[in-house]
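Computed from the coordinates by the stated procedures, all read-outs in this text should not be read as laboratory data. This is a predicted model, so every value here is computed, not measured. Glycine also receives a Cβ, built like all others from the backbone with ideal geometry; neighbour counts cover every protein chain displayed.
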Amino acid sequence: MAILSVCVTAAVGKAAVMDNRLFAMVGLVLTALLLAGLHLYGQHQFSLGEAAEKARWVARDNAALRAANAEIAELNTQARVQERQHAEAVATISRQFQEQLHHVKSQKDSVIADLRAGAVRLRIPVTPASTSAACSGIPAEAFASAAGRDGGARAELSAEAAEFLVGLASEADEVVEQLTSCQALLRADRQVQQ
């Protein structure tokens with residue numbers, strides 16, 4: 001019996017040692033599983049936090065983008081209105097310029113027609129000293145008395161000279177109208193830039 005009790009004691013001792021090893025192994029496996037579960041739970045919570053933060057950023061960026069798009073649309077509308085107003089102003093200036101040019105041309109044609117018909121005559125004042133009588137040696141006072149006037153003498157321009165001067169005056173009027181239109185265009189452009 002002693003042998004049997006030694007064998008039982010040795011078997012129980014080995015079982016106890018095995019139980020301790022088994023218990024340690026099971027504890028180690030459970031600890032590893034617990035740590036792995038905690039890690040997975042932490043990763044899951046981290047990804048949820050990242051997603052929530054990303055959603056907050058996206059919502060903020062989308063709100064800023066919507067506001068910027070609304071401002072762009074408003075500025076585009078304002079620009080279109082200004083462009084339309086500017087185009088209308090330019091068209092008005094152009095129309096007025098064409099009307100004024102037509103008026104200047106019709107006025108020139110009317111004066112030239114009157115010159116040719118003899119209804120209008122162009123005369124220039126001539127001092128007695130510059131007349132041909134002064135050149136002939138007759139004193140200026142005598143020439144003025146002989147002409148029957150005490151005032152300055154006048155000389156009539158030829159039809160060609162009169163037409164030339166009327167044409168020249170008409171060209172000057174056209175230049176004035178062009179400059180006036182250019183100034184109006186510059187004012188209209190400055191209003192658009194402001």
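Key figures for this structure:
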{"item": "Amide hydrogen neighbours beyond the local backbone of residue 126, cut-off 5 Å, H modeled", "result": "153, 154, 155"}
{"item": "Among 22-28, 155-161, the order from most to least packed when residues are scored by Cβ within 10 Å on average", "result": "155-161, 22-28"}
{"item": "Residue-wise HN-Hα coupling along the range 78-89, computed from phi with Karplus coefficients 6.51, -1.76, 1.60 (Hz; x: Gly, Pro)", "result": "4, 5, 5, 5, 5, 5, 5, 4, 5, 4, 5, 5"}
{"item": "Cα gyration tensor shape of the range 25-82, rounded if a/c is under 1.5, else prolate or oblate by comparing a/b with b/c", "result": "prolate"}
